[in-house]
Each structure stands twice: as C-alpha cells, then as structure tokens.
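I have placed the structure first, in the form of structure tokens, so that the comments after it can refer back to it.
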Amino acid sequence: MKTFPAVRIAGLLVVALCAGVLCAEDAAPLSLQEYKAQLATWSQTVTTLADHPEQAPLTRAQIPRAVEVKAGDKTFQVSYEWLNQGLMQFIASKADHKPEVLRGIQNHFQQAQAEADLFVAPSPADGAQQKVTEILSRREFSRVHGPSEWDIWLERLQWRIIRFLDRIFSKVPTVSHSGQVVVWIVIALALCIAAIWLKRSAEDRLLGLSHEPVLFAPSQRNWRTWLSQARTAAKEGNWRDAVHLAYWAGISYLEQGGAWVPDRARTPREYLRLMSAGNQKLPALKALTRQFELTWYGQRPAESADFDQTLSHLEELGCR
C-alpha cells in the first residue's frame, strides 16, 4: 500500500496551520499603562469611522480577540469581543443608524478605562477569600475544578483560528456569525485527513518490516499438507495460526507450479514482486498476502471470517 502524496501533504498542512496560528500571537502581556494606552488608541481610531465608515472592516480585522494584562503580580485576560461585535454591527447597520452604534462603542471604551483601574485596587474581601478557599478544600468539593490546561489550549486555538479567518474574510459581514461553524468543520475535515494519513503510514511501516524466516522452501511441504494443518488449527479455534498456515499453502502451491525458483529466504513482499504484472493470479496473491500480513505481523485479532476469506483467496489461486 502507498500513501497518497495529497493525503500526506494535507496532513502536514494541518499541523503547519495549527502551529502557525498558535505562534502568530504569542505576545508578552501588556502592562496596565500599555493596555489603557491601547484602549485610547482604538477609541480614537473608532472615532474616525464616523467620517470614513469604509475603513471599518480593516479596523475590525486588526482588533485582537483578547489581550493579557499584567497588573502587579497578577495577569488578566481581557476580551475585545465587545469591540469586534460593535464594529460588526456598525458595518451591517444603515447610514442613519451608524452614529448611534459608534456612541455605544465609545461608552464601552469609557467603561473599559474605568474597569482597568480596578485591576490594581486592593481587595476588601481577603478574609472572605480565605474562607472560600477553606470551604472548597473540603472533601465534597474535591472533584470540582476549573478548566484544564487542555481546555484553555483548545479555547485559545479556537479564538486564534477564528481571528485568522476573520482577517481573511474581513469584508464579508456574516463571518463572525458563522466563523465558529466554519472553524470546526475545517478542523474536523483536517483531522479526518490526518488520521487517514497516519493510519496508512503506520501500515506501510509495519508491513514493510514483515519478514518470517522459514527453515525450508515452502514447496518442500506439499500445499495440501499446509492446508490440512490450517484446517486443523481452525477447528481448534486458533484462527491466527490457521490464516498463517493457509498463506504458506498458497505459496507452496504456486512454487510447486513453477511460479518461481524455491528459496527459503524470501519475504511475502518478495514473492509478490516475483509475479509478473500480467499474471492472472497476481490479484489473488496480493489479497492473500495482505490478509496474512495484517493478521500475522499486524497482530490483528483473527476470527472465523478471516479464515474463510483466506480460503476464498486460495481458491482464486487454484488451491481446491
């Protein structure tokens, strides 16, 4: 089996996309002063939209989903989702309604500036916080916990991919509403492609290493003897051994018929290469070899259906 180049490339692109999106925004946290200056800058930029509403999509594409703000010894994650939604409403609204939307955004800027001062305000509830900590440390709350690192990582990845797509489709008004749906569809498709690629790659590596030393040429034992032993193993419920012995029955049959010169050092794949492309028995031998390799070398559990399928391949070769 060969891995298709397109599938392999698609799998690599998935990894590259996720890594690129995550690395693109790993910025250091803003200081409180930097955050307040950023709010003032965005406020001035939004004010200019009253005279230049056509700049709104470009402005919105530059707004981050969230920023980290470091105040003292604490770090806060502050969302800019309100600004993204406000600009989207501004883009979609009619001309006579745009000034009202801008006033609402500016009011939110003033509120955000006021809330920023609370980041460094002393907490009046230190005693209450200690009491809450004691309560939550009790046994009945032992299974209660916040989001794990994995949950936080997934949320950050989702935000960054949505922002990445928003920047690409910033001129399309409906992106913010359908962005999450598009992201998860893309991720699901990408994961499916990557899973197929990994599965086929693993099978190729596994089957490429298959080699079973045989102490004598398979044709030194009549193919009927091999097949009889296979049927005996099947009666005992040893389906894996039955498939194994049935495979060598097929190799012995072909070797006795002069398909190749006997040699005990060959691997199953080498037997396949000895058959000419035009040989009518080649498809059956390929199917028999794959059934044998997956069961014997791949450690896949075998059942009666696997043995029946192996016998069917033997009949196609002429072993009746």
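The values are calculated or read from the model by the stated rules, or taken from the named source; none is laboratory data. Bear in mind the structure is a predicted one, so any value in this text is a computation, not a measurement. Here the Cβ positions follow ideal geometry from the backbone for every residue, glycine too, while neighbour counts run over all protein chains shown. Keep in mind that these areas ignore ligands, DNA and RNA; they rest on the heavy atoms of the full protein, side chains included. Shrake-Rupley method; radii C 1.70, N 1.55, O 1.52, S 1.80 Å.
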Task: Which numbered condition T59 misses (of (1) of a type in the set (V, I, T); (2) open to solvent by less than 40 Å² (accessible area, probe 1.4 Å); (3) at pLDDT 90 or above) - done: (3)
Open item on the list: Restricting to region 294-317, count the residues that are touching a residue at least 40 places away in the same chain (Cβ under 8 Å) and within 14 Å of W248 (Cα to Cα).
Closed with: 8
Task: Near pairs, Cβ below 7 angstrom, 6+ apart or cross-chain, from region 34-62 (farther than 21 Å from E81 by Cβ) to any residue that is open to solvent by less than 50 Å² (accessible area, probe 1.4 Å) and of a type outside the set (V, I, T) - done: A50/L102; P53/K98
Open item on the list: Against the definition (of a type in the set (K, R) and in contact with a Pro (Cβ under 6 Å, 6 or more places away or on another chain)), how does K74 come out, yes or no?
Closed with: no
Task: Every residue from region 276-288 that is part of a helix (DSSP H, G or I) and farther than 13 Å from Q309 by Cβ - done: L282, P283, L285, K286
TODO: Looking only at region 296-316, decide whether some residue is modelled with pLDDT under 90, aliphatic (A, V, I, L, M), open to solvent by less than 50 Å² (accessible area, probe 1.4 Å) and not in a loop (DSSP other than H, G, I, E, B).
DONE: no
TODO: Please enumerate the residues belonging to region 69-84 that are open to solvent by 80 Å² or more (accessible area, probe 1.4 Å) and not basic (K, R).
DONE: D73, Q77
